[in-house]
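Down below is the structure, laid out as structure tokens.
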Amino acid sequence: MDRVRTSIMLPEGVYTYLKDIVITAQNEGVKLSMNEIINDAILYYLDYVNIEREYLERRMR
């Protein structure tokens, strides 16, 4: 998958939440970045949307 660089603005609460997850992971010896969390969440969401679309298309037939 090709990737492009972009930047986003996060609400402070979301940033703090993700930062805490990253710090906890690092303390447990797991290499994790905020970027990985955001990318995985977006890919998961897109998969969900595609599954939902397929379900609705089949139901409309």
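Every read-out reported here was derived from the displayed coordinates using simple, explicitly stated rules and does not represent laboratory data. These figures come from a predicted structure and were not determined experimentally. No Cβ is skipped: glycine too gets one built from the backbone with ideal geometry, and neighbour counts run over all protein chains shown.
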With a Förster radius of 25 Å, plug the Cβ-Cβ distance of R53 and E12 into 1/(1 + (r/R0)^6) and report the FRET value to the nearest 0.05.
0.15
Quick check: the angle from helix 34-60's long axis to the longest principal axis of the chain, C-alpha only, nearest 10 degrees?
10
If one compares the long axis through the Cα atoms of helix 12-27 with the longest principal axis of the Cα atoms of the chain, the angle in degrees, nearest 10, works out at 70
